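The values are calculated or read from the model by the stated rules, or taken from the named source; none is laboratory data. Fair warning: this is a prediction, and the values are worked out from it, not measured in the lab. Ideal geometry is used to build each Cβ from the backbone, glycine not excepted, and the neighbour counts take in all protein chains shown. Note: accessible area is taken over every heavy atom of the protein model, side chains too, but ligands, DNA and RNA are not part of it. Shrake-Rupley method; radii C 1.70, N 1.55, O 1.52, S 1.80 Å.
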Amino acid sequence: MPLIAIEDVKKSYGDNEVLKGIRLSVEAGEVIAIIGKSGSGKSTLLRCINGLETIDQGSISVAGAYLGTSELELKTLRLKVGMIFQQFNLFPHLSVGRNVMISPMIVKGMPEQQARELAKQNLERVGLGQKFDSFPEQLSGGQQQRVAIARALSMQPQALLCDEITSALDPELVNEVLAVVRSLADDGMTLLMVTHEMRFAREVCDRVVFMHQGKVHEIGAPEELFTNPKTPELQQFIGMTS
Amino acid sequence: MISFSLWDIIRNLLLAARWTVLLSLATFVLGGAVGMLVLFARMSKRNFLRHGAKLYIELFQGTPLLMQLFLIFFGLALFGLEVPAWLAAGLALTLWSASFLGEIWRGCVEAIPRGQWEASSVLAMGHLQQMRHIILPQALRIAIAPTVGFGVQVIKGTAVTSIIGFVELSKAGTVITNATFMPFTVFAAVGFFYFALCWPLSKYSQFLERKFNAAHRH
């Protein structure tokens, strides 16, 4: 039984069909990169997995929790899978520590002291233990994104979705975030990331998914896909990005 | 004939101004509470709540406060419900201000970036938790200035209640004029009192707006 099972998922915005029957299984501990041109549906797919978008057809499950429409079903699903965004989306009115503590406290009912310990631990893990009392606006983009990762980790998810998490960063800040993601991968976290960092995808990921026009166009080990792309679309895409 | 000194006029107006202040405060607090309900209904996922709130807002924003006051004061009397002037005044002003405050606050809530909703959603928070811990605390910062600004409208709005015989500042002005035959002096004084109540509040609202805009620029 795969950790994430995506079965024949279809989704349209009006007449525009953005996902045309996606199938994908992700085993626990796998690190997967989703690549493709903008408009190929890769971000939409990621956002469907934790119910930020609804699907028209098919099914999605993460660790046995199915994507539904009720608040309870969504909550169950979202306790299994965390997400990190391109724009960090930290809560600007809360300190870094509170950003990380708040959800374990109010969603899981964790006592404050325990949540604080967990937050410290996870902030250490992303190298920001000393920023506990800072506010998001005082941090660089790279630091904010690492806080966002710590915040997601504090919910102890079984998988993490990363939606172009380095795309809004200045080039010199990209590596500090990727280093954190790499350490998560080494620790066995299941990761599903939409990314433009081809080198990173190649080095860290177990499988690469190439999406094209709402479909999984090619899928396989990174070496195979990057050195020996089978379809002309992927050849062209790799030619453009490298 | 009895003669009235300026102090007599001022003193009596001051006494009546207490009622203007009290009515304004009560309206503001109660209107704020009802406005909060309107806000939640307006943003609810349930259709009937959302449409109900919208209808309410359109109704109370689309008719003059004076009409609402008449309807409550005389309308309820038709059904045998004798409402005292202060109650009718408070009720009308509360319902009226709730429709505006609810809408002002909705604007503030909608000004919070969508990313904040999404980030709190994926952390498994429910709608009310998102509102309470993430959205409203941020919306509050933006809401303070326009809310205080609306307070000025409330104070001036209380003048309308003089028409049903509630003795606040305006009504007192009329009564005193009838006794003194000095309309210019009396209403100049009345105007001055309103100004003294409203102007500091407007200034404060502008100050808050500058302060929170400055905080927003980061």
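Taken residue by residue, the range B:143-161 has at least one member that is within 14 Å of chain A (Cβ to nearest Cβ) and assigned to a helix (DSSP H, G or I). If you go through the range A:37-91 and pick out every residue that is open to solvent by 40 Å² or more (accessible area, probe 1.4 Å), closer than 17 Å to residue B:129 by Cβ and out of contact with any strand residue (DSSP E or B) (no Cβ under 8 Å at 6 or more places or on another chain), you end up with 4. Look at the range A:167-190: where a residue is closer than 17 Å to residue A:140 by Cα and a partner is open to solvent by less than 60 Å² (accessible area, probe 1.4 Å) and among the charged types (D, E, K, R), sitting 6+ places away or on another chain with Cβ atoms under 6 Å, you get A:180/A:146. Scanning the range B:8-39 for residues that are touching a helix residue (DSSP H, G or I) at 6+ places or on another chain (Cβ under 6 Å), small (Gly, Ala, Ser) and open to solvent by 40 Å² or more (accessible area, probe 1.4 Å) yields a count of 1. If you check B:80, B:75 for being in a loop (DSSP other than H, G, I, E, B) and more than 22 Å from residue A:74 (Cβ to Cβ), only one passes: B:80. Look at (1) more than 13 Å from residue B:93 (Cβ to Cβ); (2) under 16 Å from the mean Cα position of the chain (by Cα); (3) open to solvent by less than 70 Å² (accessible area, probe 1.4 Å) and you find that residue B:5 fails only one, number (2). Within the range A:213-230, can you find the residues that are open to solvent by 30 Å² or more (accessible area, probe 1.4 Å) and closer than 21 Å to residue A:19 by Cβ? The answer is A:213, A:215, A:216, A:217, A:219. Taking the range A:134-211 and the helices (runs of 4 or more DSSP H) fully enclosed by it, the elements with 3 or more residues that are of a type in the set (A, V, I, L, M, F, W, C) and within 23 Å of residue A:2 (Cβ to Cβ) are at A:171-186. Counting only strands (runs of 3 or more DSSP E) that fall entirely inside the range A:1-57 and contain at least 3 residues that are more than 19 Å from the chain's Cα centre (by Cα) and farther than 23 Å from residue A:79 by Cα, the qualifying elements are A:4-13, A:16-26. Scanning the range A:82-100 for residues that are within 11 Å of chain B (Cβ to nearest Cβ), out of contact with any Leu (no Cβ under 6 Å at 6 or more places or on another chain) and of a type outside the set (Lys, Arg) returns A:84, A:85, A:86, A:87, A:88, A:89, A:90, A:91, A:92, A:93, A:94, A:100. The single condition from (1) assigned to a helix (DSSP H, G or I); (2) more than 9 Å from chain A (Cβ to nearest Cβ); (3) out of contact with any Pro (no Cβ under 7 Å at 6 or more places or on another chain) that residue B:129 fails is (2). Of all residues in the range B:100-113, at least one satisfies being open to solvent by less than 50 Å² (accessible area, probe 1.4 Å), within 14 Å of chain A (Cβ to nearest Cβ), over 18 Å from residue B:21 (Cα atoms) and not in a helix (DSSP H, G or I). Does the range A:125-148 contain any residue that is touching a residue at least 40 places away in the same chain (Cβ under 8 Å), open to solvent by less than 20 Å² (accessible area, probe 1.4 Å) and away from chain B (no Cβ under 14 Å)? Within the range A:125-148 (the criterion being touching a residue at least 40 places away in the same chain (Cβ under 8 Å), open to solvent by less than 20 Å² (accessible area, probe 1.4 Å) and away from chain B (no Cβ under 14 Å)), the answer is yes, since at least one residue qualifies.
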